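Here the structure is laid out as structure tokens; the discussion comes afterwards.
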Amino acid sequence: MFFKKQIDYEKILLKYVDSDFYLVACGKDAPSYDTLKIFEKKHSIKLPEEFKAFSVSPLGGIYIDIKDDIWPRPKPLEVGSFWSFLYGFAVFGFAIDISDWMNIENQANKFKEQTNNNYIPFMKVIGDSDLYCFDGKGLIYQWDHELDLFKKIDKSFNELLEYEISELKLRKDRKVKSSS
């Protein structure tokens, strides 16, 4: 019998996240697998096992950004390079007391109402209107909000999570360098 290797999400975070980052996660309020099963049934979806494992971990439903004093927030009508507005990201979650905008159920319902499709948004880069979504089989796509098209992403959930954390760190380093 084969067992899947457990992913140490804290180790992934510690590889990239330093004291310049602000992080909030569901912690001890992580949902049960039963909550995820109910969601899957309601939305006729098969969530990827990696996403389910992340969602029931203390880090599920996570928000990460760069602290304001390191990366000041853009002012209304401010002009800059696209990357300079991408100061954080969120993985939507299932925790009971999670913020409405990070609640995956709310996001799924809102997205379906606005786009009239069955993809489930699960990750958002702050400052980017394109969302990462799952299709009914749990495959990852990125929704292009301008063209209303879905582009297949050839990464697993864990690979995408680490990719977005590493990209945020690179953008932070670039922002710090450009500010000095």
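What follows is calculated from the coordinates using simple rules that are stated; it is not laboratory data. Here the structure is a predicted model, which means the values were calculated and not measured. Methodologically, a virtual Cβ is constructed for each residue, glycine included, from the backbone with ideal geometry; neighbour enumeration extends over all protein chains shown.
A few points about this structure:
- Measuring nothing but alpha carbons in the range 1-69 and taking Rh as the Kirkwood radius, the Rg to Rh ratio lands at 1.05.
- Highest-MSF residue in the chain out of Gly61, Gly127, Gly80 [GNM, Cα springs under 10 Å]: Gly80
- At q = 0.14, 0.19, 0.20 Å⁻¹, base-10 log of I(q)/I(0) for the range 48-152 (Debye sum, equal scatterers on each alpha carbon): -0.61, -1.05, -1.13
- Annotation: the residues Trp83, Trp143, sorted from fewest to most other C-beta atoms within 10 Å of their own C-beta, follow the order Trp83, Trp143.
- Its DSSP H runs of at least 4 residues, each contributing -39,500 (n - 2.57), put the calculated 222 nm mean residue ellipticity of the chain at -10500 deg cm²/dmol, to the nearest 500.
- Computed about the Cα centre, the dipole magnitude for the range 105-180 is approximately 340 debye when only Lys and Arg (+1) and Asp and Glu (-1) carry charge, each at its Cβ.
- Ranking of Glu159, Glu113, Glu40 by count of other Cβ atoms within 10 Å, fewest first: Glu113, Glu159, Glu40
- Amide N of the range 117-131 lying under 13 Å from the label point, which is placed 7 angstrom from the Cα of Glu78 along Cα→Cβ: 127
- Ordered by the count of other Cβ atoms within 10 Å of each Cβ, fewest first, Tyr141, Tyr87, Tyr22, Tyr163 give Tyr163, Tyr22, Tyr141, Tyr87.
- Dipole magnitude of the chain, debye to nearest 20 (Cβ charges: Lys/Arg +1, Asp/Glu -1, about Cα centre): 300
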